[in-house]
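What follows is a set of notes on a single structure, which appears directly below.
No value in this document is a laboratory result; all are computed from the given coordinates. Keep in mind it's a predicted model, so treat the numbers as computed, not measured. Here the Cβ positions follow ideal geometry from the backbone for every residue, glycine too, while neighbour counts run over all protein chains shown.
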Amino acid sequence: MFITGISFFSGLILIVFSIVLYWKKSPLQRVSRFLAATFLLLACWNFSIAYLYSGLSSKSNLLLSFYFPVDLILSLCISPALYFYVRMLFDTNRQYNWKKYLRYHALPVLPPVFFLFYFAFIPADERIAMLLNESFDDSWMVESISKLFYTQSAAYFVCCLFRVRKQREAGYLLEVEKQQTNIRWLMYLVLFALISYSLYISFCQHEDSMRMHIFVQMCLIDSLILYLLVQSVSYTGLSMQGVSAISLSNETKTRTEQEIQYESKLNITETQAHIILQKISEVLETEQLYLSKKCNLQQLANYSEISQHHISFAINNYSEYNFNDFINKYRVDRACRLLQSGQQQKLTLEAIGYECGFGSRANFFKTFKRFTGKTPAEYLAIQQSMSTSVNPGE
C-alpha cells in the first residue's frame, strides 16, 4: 500500500503542477504548455503504477482484470518529452514539423503498443494469474521492453546534456523577451538524471524482481520532477515562471543592487562619460570583442583599460541601452551588413547569427527583431527587393 500511496500522491501533485504551469502567462508560453503536458504524462504513469500495485496488494481480481500495461508505453514517452522540452526552450522561434519528428521518435513506443494489444487478447483469468505469480514480469517481451527503456533513456539524456552544454558555451543566461533565463539548473537536472539512471542500471543488475525495478524507476522519475519543482519555487516562489523563464538569481540581483549603489557614488561628468563611451566603442570596433559569445564587462574593461564600474555607469546612464543591449547592437549591425552584402548565399541565417556572436538561433532572431523591427528573413527579403529594383536588368 505504501507504493500505491506514493504513486497516487505523486500523480496528484503532477496534475496540479501541470494545470498551474499551463495557465501561467510566460514569455515561453508554448514551451511551458509542452512541459505541462509532460507533467500530465508523468501523472498518468504514476496513476497506472498506483492502480497496478493496488490490485496486487489487495489481490483483487476485479482490479487486475482491468489492468493493461499502459505504464510501459508511458515510460518510453518520458525521456523524449524531456528532450523536446530542452530543444524548444533554446529554439523558441522554431516551428517544428511534428509529423516528421514523431515518425522517428515514436518508433521505440511501437513494441509496448503491440504488447498491449497482445496482452488485451489474453483471457482475463490468465492475465490475472500472470500478474499474481509474476510470470508477467518474467516474460521475454516485458524484459525486452525494459531493456529498450534503458537504452532509449540513456540516449535522450546524453542528447539533452550535449544540447545544454552547447548552450552553456554562450553563458548560463539566455535572454527571452527581455527577461533572462538561467539554464544552470537545467544542466544540473540532466546530470542528476544521468547519475540516477546509472544507479538504477546498477541496481537492476543485482535485483531480479521486476516490481522492485518499477518501484525504483518511479522513485527516480519522481525525484527528477521534485527537483524541477524545487528549482521553480527557489527562483520564483509558486508562480511556476521559473520552469520556462527564470529571472536572475537572488545573488545576482543583490550584486546588481550593490553595483547601482556604487555607481551612484562615482564622480563622472557627462563629458567624461561620453569619452568613455567613445573609447569602448573604438575598442569594440577594433578588437571586435562582440563577435565572441563570451564577451562580458570584464573583458571590455581589460581591453579598454577602464574600470568596469566606469563602463557600466557610462552605458547605463548615457546610452540608450544596458550592457547586454549595448553589445547586441553591434552584433545586430554586423548581421545587417552581412545580409546586405549577400553573405547569406554562403551562410544560413542561423550561421550568420553565430558568426555575429549570438549564442543561439532564438536569441539572434528575437534580438534582431527588437532592434530592427523585422526578423532576419524579412530584412533579407527587403534587401533583395531593393537590389532587384536598383538592378532591374539582372
* Which ³J(HN,Hα) values, rounded to whole Hz and listed in residue order, are derived for the stretch 370-381 from phi using the Karplus coefficients 6.51, -1.76 and 1.60 in 6.51 cos²θ - 1.76 cosθ + 1.60 with θ = phi - 60°, glycine and proline given as x? -> 5, 8, 9, x, 9, 6, x, 5, 5, 4, 5, 4
* Förster radius 30 Å - calculated FRET efficiency between Phe203 and Leu12 (Cβ-Cβ, nearest 0.05) -> 0.65
* To do: For Gln272 and Thr286, calculate 0.36 nm times their separation in residues minus their Cα-Cα distance, and state this gained length in nm to one decimal.
  => 2.9 nm
* Asked: Applying the Karplus parametrisation 6.51 cos²θ - 1.76 cosθ + 1.60 with θ = phi - 60° to the phi angles of the stretch 318-332, what ³J(HN,Hα) value in whole Hz is obtained for each residue in order, glycine and proline being reported as x?
  -> 10, 10, 7, 10, 8, 4, 4, 5, 4, 6, 5, 4, 5, 5, 5
* To do: Provide the net charge surrounding Ser304, with neighbours chosen by a C-beta distance below 13 Å and charges set as Lys +1, Arg +1, Asp -1, Glu -1.
  => -3
* Structure fact -> A chain fully extended from Asn302 to Val113 at 0.36 nm per residue, minus the present Cα-Cα distance, gains in nm 62.0 nm
* **Entries of Lys166/Lys293; Lys293/Lys366; Lys166/Lys329 with Cα pairs more than 19 Å apart** => Lys166/Lys329
* Asked: Mind listing the phi-derived Karplus ³J(HN,Hα) values for the stretch 43-52, rounded to whole Hz, using 6.51, -1.76 and 1.60 with θ = phi - 60°, and x for any glycine or proline?
  -> 5, 4, 5, 5, 5, 5, 5, 4, 5, 4
* **Sequence-distant residues sharing a close amide H with Ser60 (under 5 Å, placed H)** => none
